[in-house]
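Here the structure comes first, spelled out in structure tokens, and everything after it is commentary.
What follows draws every value from the coordinates through simple rules; no lab data is involved. Bear in mind the structure is a predicted one, so any value in this text is a computation, not a measurement.
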Amino acid sequence: MSTLFVPKAVYDAMRAHGEETYPNECCGAMLGRPDADGWNVVESIRAGNTRTDSAHNRYNIAPLELVRIQRSAREKGLEISGFYHSHPDHPAEWSPTDFAEAHWLGCSYVITSVAQGRATVTNAFQLAGTKEEDKRFEPQAIQVDG
């Protein structure tokens, strides 16, 4: 199992984002560097959830915003290490929609359950595989540092 190494301030910020957007899903990206054991996250960047049809149980990051996030990562010598979002009043497990809309192979996908406005459980999953046809989510350990 790979590990997602996350500074406490970044971990707390992602969870707080979910509380702030409750009862809708929050979303954002994580920037970091890969290593032999997984990803070392350096920072998270909040993104707007552009889903207007069902923001309470879906999220979408606008393509232009994603390009801006990717440029920011490059300028800092980092990579997009993954994405995070919340599940309001649902478990911190990936859904069939999460899987269908995940395309960044090798990246981490962090999900925080927000129950009644409070962040509870946070889980991470790495999108493994070599191409879209064999992609799969694998559980990923989260190590909060600091």
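Hey, which lysines would be in cross-link range of residue 8, C-alpha to C-alpha under 25 Å, not counting anything within fewer than 8 residues on its own chain?
Residue 8 reaches 76.
What fraction of the DSSP beta bridges in the chain is antiparallel, stated in percent and rounded to the nearest 5?
Of those bridges, close to 65 percent are antiparallel.
Can you give the Rg and Dmax of the stretch 14-89 based on its C-alpha atoms, in angstrom?
13.0, 40
Would you mind telling me which residue in 28, 77, 18 has the biggest mean-square fluctuation in a Gaussian network model of the chain, where springs connect alpha carbons within a distance under 10 angstrom?
Answer for the Gaussian network model of the chain: 77.
For the chain, modelled as a GNM with alpha-carbon contacts under 10 angstrom, which of 31, 64, 105 fluctuates the most?
64
Give the dimensionless ratio obtained when the Cα radius of gyration of the chain is divided by 2.2 N^0.38 Å. Walk me through the numbers before you get to the answer.
Details: Rg = 14.0 Å, N = 146, 2.2 N^0.38 = 14.6 Å.
Output field value: 0.96.
Determine the distance separating the Cα centre of the stretch 49-112 from the Cα centre of the stretch 15-37; give it in Å without decimals.
Going from one Cα centre to the other spans 8 Å.
Let me know the volume per residue of the alpha-carbon convex hull for the stretch 79-146, in Å³.
Taking only Cα atoms, the stretch 79-146 has a hull volume of 96 Å³ per residue.
Which value at 222 nm does the chain reach when only helices count, each DSSP H run of 4 or more adding -39,500 (n - 2.57), with the total divided by all residues and rounded to the nearest 500 deg cm²/dmol?
-6500 deg cm²/dmol
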